[in-house]
Amino acid sequence: MSQPRETGSMEYLLGQICKLHHARAHALLEELGLYRGQPRLLCALYEGEGIAHGELADRLRVTPATITKMIQRMEKAGFVERHADPADQRVSRVYLTEAGHAVRAAMDRALGTLEGESLAGLTEAERLQLYALLLRVRDNLAYAVEACAPAWTIDEKELHLT
């Protein structure tokens, strides 16, 4: 007897994987005082500090409102600070604090743990194959979304594709 379409579909399986990955990421990052989307922002700042809000939003492919909320939350937690651009006071630039620099190693370990747990039992060849297949699925969906975007009015930034 085959599984019902709902529970045997790729959509259902991917949904379960995403939900479980989100829950585990939340648990690991919460111990560090971080939330799930924040490591990407920290990584952008590790590459170079003093990035303006708008540029961060573009790099992370999120809306300016989302980046503002992320920065406010991270500022409150003590990981980042904002300073007005000396050349243009209307522009706010984001910098890491000492705590923002200090959390890097622990964050990398937590994300490594998440990846290790997610891929446990897979050989290196299977990991590479899975990665290649997931890239193809992502690219297929990105193409489909882009092709249909005018009809669906989808904002690509909201998809968080990187």
Taking the options A23, A27, A84, A44, name whichever one is within 30 Å of L130 (Cβ to Cβ) and touching a strand residue (DSSP E or B) at 6+ places or on another chain (Cβ under 7 Å).
A44
Being among the small types (G, A, S) and farther than 25 Å from L32 by Cβ narrows it down to one of G121, G116, so name that one.
G121
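Assess whether A132 counts as being under 30 Å from V80 (Cβ atoms), hydrophobic (A, V, I, L, M, F, W, C) and in a helix (DSSP H, G or I).
no
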So which residues in the stretch 27-65 are over 24 Å from L114 (Cα atoms), in contact with a helix residue (DSSP H, G or I) (Cβ under 7 Å, 6 or more places away or on another chain) and surrounded by 14 or more Cβ atoms within 10 Å (Cβ to Cβ)?
I51, H53, L56, A57
Can you tell me which of (1) exposed (fewer than 11 other Cβ atoms within 10 Å of the Cβ); (2) in contact with a helix residue (DSSP H, G or I) (Cβ under 9 Å, 6 or more places away or on another chain); (3) among the polar types (S, T, N, Q) is the one Q89 doesn't meet?
(2)
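All of the numbers you see were taken from the coordinates with simple rules; none came from a lab. Predicted model, so just to flag it, every value in this text is computed and none were measured. Every residue, glycine among them, receives a Cβ derived from its backbone with ideal geometry; neighbour counts consider all protein chains shown.
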